[in-house]
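Structure first, then comments.
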Amino acid sequence: MVRISVQTEDFDAGAELTQMRLAHPEVGALVSFVGQVRDLNDGAMVSGMHLEHYPGMTEKALAAIANKAMQRWEFADALVIHRYGDLKPLDQIVLVVVASAHRQTAFAACEFIMDYLKTEAPFWKKESTPEGERWVDAKEVDEAAKNRWNR
């Protein structure tokens, strides 16, 4: 089972982990990742970020990424929450949780999902800096992280 949510409102990572843990007494591992807005990127101070997406298309893309992970590893459940709209430094952007019988699978699947989210999810990010607004370009390091799963 995979749950996907694309939303403007913040999430409670602890509550989400507890909900997944209690729903799956058969698992021995929960691995999570929380991404947040940095106040510094590429040498510039960041006062805010605006994330845009295409409703419907985005949810399908996130589900496809999680399902790709499920085809590769056997795990009980996954959750992806991704925010959009106006965010400021320290605001949470993304939560990925994987529940599995064993930690190795949970760690690998969580990392895989995050690596693919950074490169395949249809989100567009615009940062506010003292010099003005700028679109955030894809980074080669993110593409390299995703490509290592193809070996």
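Numbers below:
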| quantity | calculated |
| --- | --- |
| So TRP149, is it out of contact with any helix residue (DSSP H, G or I) (no Cβ under 8 Å at 6 or more places or on another chain), modelled with pLDDT under 95 and among the aromatic types (Phe, Trp, Tyr) | no |
| Checklist (1) modelled with pLDDT of 95 or more; (2) touching a helix residue (DSSP H, G or I) at 6+ places or on another chain (Cβ under 7 Å); (3) among the polar types (S, T, N, Q) applied to THR119, failing item | (1) |
| Members of the range 51-108 found to be within 14 Å of VAL6 (Cα to Cα) and among the charged types (D, E, K, R), listed by number | GLU52, GLU59, LYS60, ARG83, ASP86 |
| Residue among VAL31, VAL6 that alone is more than 22 Å from TRP149 (Cα to Cα), in contact (Cβ under 8 Å) with a residue 24 or more places away in the chain and surrounded by 13 or more Cβ atoms within 10 Å (Cβ to Cβ) | VAL6 |
| Count - residues of the range 112-132 that are free of Cβ contacts under 8 Å to residues at least 40 places away in the same chain and over 13 Å from ALA66 (Cβ atoms) | 3 |
| Scan of the range 124-149 for residues that are out of contact with any Ser or Thr (no Cβ under 7 Å at 6 or more places or on another chain) and either of a type in the set (A, V, I, L, M) or closer than 17 Å to TYR54 by Cβ (or both), ordered by number | TRP124, LYS125, LYS126, TRP135, VAL136, VAL141, ALA144, ALA145 |
| Whichever residue in the range 9-28 is charged (D, E, K, R) and in contact (Cβ under 8 Å) with a residue 24 or more places away in the chain and, among such residues, is surrounded by the most Cβ atoms within 10 Å (Cβ to Cβ) | GLU16 |
| Test: residue in the range 113-136 that is part of a strand (DSSP E or B) and among the acidic types (Asp, Glu) | yes |
| Residue in the range 9-30 that is within 30 Å of THR129 (Cβ to Cβ), under 16 Å from the mean Cα position of the chain (by Cα) and part of a strand (DSSP E or B) present | no |
| Index of the failed condition, LYS146 passing every other in (1) touching a His at 6+ places or on another chain (Cβ under 9 Å); (2) of a type in the set (D, E, K, R); (3) assigned to a helix (DSSP H, G or I) | (1) |
| Selection count, the range 24-51, where residues are under 23 Å from LYS125 (Cα atoms) and of a type in the set (Val, Ile, Thr) | 3 |
| Matching residues in the range 111-138 - criterion: being surrounded by 12 or more Cβ atoms within 10 Å (Cβ to Cβ) and either polar (S, T, N, Q) or more than 24 Å from GLU59 (Cβ to Cβ) (or both) | THR119, GLU127, SER128, THR129, ARG134 |
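The values are calculated or read from the model by the stated rules, or taken from the named source; none is laboratory data. This is a predicted model, so every value here is computed, not measured. A quick note on method: Cβ atoms are made from the backbone with ideal geometry, for glycine too, and the neighbour counts reach across all protein chains shown.
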